[in-house]
1. For the stretch 189-209, which positions are modelled with pLDDT under 90 and under 22 Å from Asp119 (Cβ atoms)?
2. Only residues that are among the polar types (S, T, N, Q) and free of Cβ contacts under 8 Å to residues at least 12 places away in the same chain: list them for the stretch 41-72, please.
3. Would a scan of the stretch 158-165 turn up a residue that is in the same structural domain as Ile115 (by TED's automatic domain parsing) and in a loop (DSSP other than H, G, I, E, B)?
4. Considering Val75, Val124, which residue is among the aliphatic types (A, V, I, L, M), outside the structural domain of Lys190 (by TED's automatic domain parsing) and touching a residue at least 40 places away in the same chain (Cβ under 8 Å)?
5. Please name all residue pairs, on different chains or six or more residues apart, with Cβ atoms under 9 Å, provided the first residue is in the stretch 81-99 and is free of Cβ contacts under 8 Å to residues at least 40 places away in the same chain and the second residue is among the hydroxyl-bearing types (Ser, Thr, Tyr).
6. Look through the stretch 187-202, keep the residues that are touching a residue at least 60 places away in the same chain (Cβ under 8 Å) and not in a helix (DSSP H, G or I), and return whichever of them is surrounded by the most Cβ atoms within 10 Å (Cβ to Cβ).
Amino acid sequence: MKTDKYRVFKTVILLLLVYMAISFSVYASTKICYLELRSGKALININGRLVELAPGQSFRNIVKLLSANEEVIVVEASGKRYQYKKNSSQGTIMAEGVILTRKPGGSHYWAKGKINGKDVTFVVDTGATYVALNKDLARKLKIKRGNKEVEVSTASKIETAYQVLLDTVSVGDIKMHNVPAVITKHTFPKVPLLGMSFLQYVDISQENEQMILKRMK
């Protein structure tokens, strides 16, 4: 019996090694070339095959597109992130973090995230003291404003807003608890602002028209 169990064990180990070798070979031989951006989708040559991917989509679980703009794409392969410039097959390995891009022709960075577990899209604003949202969004997210007021600066003047404490705010895998925020008394800002009450705990860097957020250790 012991001999049979040993043989089974050896067979399992051998199969695992073969699988790992095949997987490594697939990733090691993956050739990627970014060609162009079409209506928000990146046209990519992957191992000689033309593939159109939108951010978040994968090709055969080999390559996942994380972000794309007119000049560069960021993909994930074999658990690592790589950046490819247009018409280049030479990828650059990137630091781990949440990668944000600008909309074509825009000046702001956008971030998909959550407030109290509910989906929102933020504009990153390092000039804003707080995470900020308008009264309509606060009502939609069922956030009680309370009575505490603070002064906030807008593009034209100083106004008062309601100060609140959000249970959670997250962007990608970066999640903060008890985040100070403000709720304005009107419909501005139209898109919630990801301000310094969240960003002060994040390392921010910029590379090739992309912003990378990493939680401070």
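1. Within the stretch 189-209, none qualify.
2. Quick first cut of the stretch 41-72, residues among the polar types (S, T, N, Q) only: 45, 47, 57-58, 61, 67, 69.
Of everything in the stretch 41-72, those that are among the polar types (S, T, N, Q) and free of Cβ contacts under 8 Å to residues at least 12 places away in the same chain turn out to be Gln57, Ser58, Asn61.
3. Scanning the stretch 158-165, I find no residue that is in the same structural domain as Ile115 (by TED's automatic domain parsing) and in a loop (DSSP other than H, G, I, E, B), so the answer is no.
4. Numbers: Val124 fails: outside the structural domain of Lys190 (by TED's automatic domain parsing).
Among Val75, Val124, only Val75 is among the aliphatic types (A, V, I, L, M), outside the structural domain of Lys190 (by TED's automatic domain parsing) and touching a residue at least 40 places away in the same chain (Cβ under 8 Å).
5. Gln90/Tyr84; Thr92/Tyr82; Thr92/Tyr84; Ile93/Tyr82
6. Here is the first cut: in the stretch 187-202, the residues touching a residue at least 60 places away in the same chain (Cβ under 8 Å) are 189, 191-199.
With the extra rule that they be not in a helix (DSSP H, G or I), the set shrinks to 189, 191-195.
Details: Pro189: 17, Val191: 17, Pro192: 23, Leu193: 24, Leu194: 29, Gly195: 24.
Among residues in the stretch 187-202 that are touching a residue at least 60 places away in the same chain (Cβ under 8 Å) and not in a helix (DSSP H, G or I), the one surrounded by the most Cβ atoms within 10 Å (Cβ to Cβ) is Leu194.
The values are calculated or read from the model by the stated rules, or taken from the named source; none is laboratory data. From a predicted model like this one, the values you see are computed outputs, not experimental measurements. Neighbour counts are summed over all protein chains in view; Cβ atoms, including those assigned to glycine, are modelled from backbone coordinates with ideal geometry.
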